[in-house]
Amino acid sequence: MGTVTDDEVIRKRLLIDGDGAGDDRRINLLLKSFTKWCHSPGSPEEGFTQYQRMLGTLAQCEFSMGKTLMVYDMNLREMENYEKIYSNIEQSIMSAHDKIGECKKEIQRAKRIRKNRQEYDALAKVIQQHPDRHETLKQLEALDKELQQLSHIKENVDAKLELRKKQFHVLLTTIQELQQTLEIDEKSDSDDHSQESPAENGE
């Protein structure tokens, strides 16, 4: 016979004792009653009555064991669900970090664009001081077109940056609400167990 582990002992103990409502005591009482019934010299009517009582006690133990198994399976499903939620949160946080990095890059790009635009504006002012030169006018037109393109690019970058900020804010809000929900569920489960124990002991 193999060595029995602590987990197996605990599991068998839970299956016998049910939810702590005295099933272990019922089992011991059932064993004693069965032994007494086997060696009892009483009348058949008394033996039948004792037999019916043992069947009732056995049914109670079986019901408690089934209830315990259902609770155990439910807890397993909840643990799997929480693991999925935690995994999704971790993925969301990683995605948020990536988006923050992208936003920082876009901010740096926007700063470079603004700096270039300032330099172009200063150059345009210098060019405007020499309006009599045809080549200077062509350069000025080219610079104006480039400034328009840069302005359009900056507007796109600003729009993307604003969108990323809004998405990140929504993500953080969702994560906080989810964490609060998990804390409430854990507290509710703890309160339910605390309320059930005194009631069961009273029975």
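Across the range 106-180, the relative contact order, built from alpha-carbon pairs under 8 Å that are at least six residues apart, equals 39 percent. Working note: Karplus 6.51/-1.76/1.60 with θ = phi - 60° gives the range 49-56 the couplings 4, 5, 5, 5, 5, 5, 5, x Hz, where Gly and Pro are set to x. Each label point is 7 Å from the Cα along the Cα-to-Cβ direction; what then is the distance between the points at residue 187 and residue 45, in nm? So the label points at residue 187 and residue 45 sit 6.2 nm apart. Going by the alpha-carbon gyration tensor, a ≥ b ≥ c the square roots of its eigenvalues, is the range 27-165 rounded (a/c under 1.5) or, if a/c is not under 1.5, prolate (a/b greater than b/c) versus oblate? Since a/c reaches 1.5 and a/b is larger than b/c, the shape of the range 27-165 is classed as prolate. Using a probe of 1.4 Å on the protein chains alone, the accessible area found for residue 31 is around 100 Å². Within 12 Å, Cβ to Cβ, of residue 103, how many net charges do the neighbouring residues add up to if Lys/Arg are +1 and Asp/Glu are -1? That works out to +3. Taking θ as phi - 60° and the Karplus parameters 6.51, -1.76 and 1.60, the scalar couplings of the range 180-190 work out to 5, 5, 5, 5, 5, 4, 5, 5, 5, 4, 5 Hz in sequence order, x denoting glycine and proline.
Ranking 134, 39 from most to least accessible surface, computed with a 1.4 Å probe over the protein chains only, gives 39, 134. Other residues with beta-carbon under 12 Å from the beta-carbon of residue 164 carry, at +1 per Lys or Arg and -1 per Asp or Glu, a net charge of +1. Using the Karplus relation 6.51 cos²θ - 1.76 cosθ + 1.60 with θ = phi - 60°, the per-residue 3J(HN,Hα) values for the range 147-163 come to 5, 5, 4, 5, 5, 5, 4, 4, 4, 5, 5, 4, 5, 5, 5, 5, 5 Hz, with x marking Gly and Pro. Legend: residues 157, 170, sorted from most to least accessible area (1.4 Å probe; ligands, DNA and RNA excluded), read 170, 157.
At a probe radius of 1.4 angstrom, the accessible area of the range 109-169 per residue rounds to 81 square angstrom.
The values are calculated or read from the model by the stated rules, or taken from the named source; none is laboratory data. What you see is a predicted model, and the numbers here were worked out from it, not measured in a lab. A quick note on method: Cβ atoms are made from the backbone with ideal geometry, for glycine too, and the neighbour counts reach across all protein chains shown. Heads up: the accessible areas ignore ligands, DNA and RNA and are worked out on the full protein's heavy atoms, side chains in. Shrake-Rupley method; radii C 1.70, N 1.55, O 1.52, S 1.80 Å.
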